[in-house]
Amino acid sequence: NGTVFAPVRESPFPFGWGYRHVLYTLTADFRIERHSAEFCLPALSGDREDDGTPVACEAVQYVHGALRLPGSAVALLYGVNDCTSARATLSLRQIDEFLEFTHSP
């Protein structure tokens, strides 16, 4: 659905949690040109916090691929809690908005 959240900051596990994702673009000579802030993808579980708000993201998420879809969208392929595969689809407009920082060496 194109929603992203700030990463989880509290440790639910003794190790192997709190992965961070950042989108970035590269120049022709492979230098970082633009990049996003850290983000995580929405939780698949539909679980809710004690106050009723949706859980932002699982403690273990790992984006391992991106695929340009027909039209103007990109699929992010990722794993959840080292046992489930998932796909999040973002429009190119959303990705352009995420790339809020310019890298100037």
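Brief remarks on what is shown
- For segment 44-105, convex hull volume per residue from C-alpha positions, Å³: 157 Å³
- In this structure, the amide hydrogen of Leu23, modeled 1.01 Å from its nitrogen in the peptide plane, lies closer than 5 angstrom to those of Ser36, counting only residues at least 5 positions away or on a different chain.
- A cut-off of 5 Å between modelled amide H atoms, ignoring neighbours fewer than 5 places along the same chain, links Cys57 with Ala43.
- In order through segment 89-99: 3J(HN,Hα) via Karplus (6.51 cos²θ - 1.76 cosθ + 1.60), integer Hz, x for Gly, Pro: 10, 10, 6, 4, 5, 4, 4, 4, 5, 5, 7
- Check: segment 24-102 dipole with +1 on Lys, Arg Cβ and -1 on Asp, Glu Cβ, in debye: 460 debye
- Residues whose placed amide H lies under 5 Å from that of Ala73, excluding near-sequence neighbours: Leu92
Only the coordinates and a few stated rules stand behind these numbers; no lab work does. Owing to the predicted nature of the structure, the values given are computational and were not obtained by experimental measurement. A quick note on method: Cβ atoms are made from the backbone with ideal geometry, for glycine too, and the neighbour counts reach across all protein chains shown.
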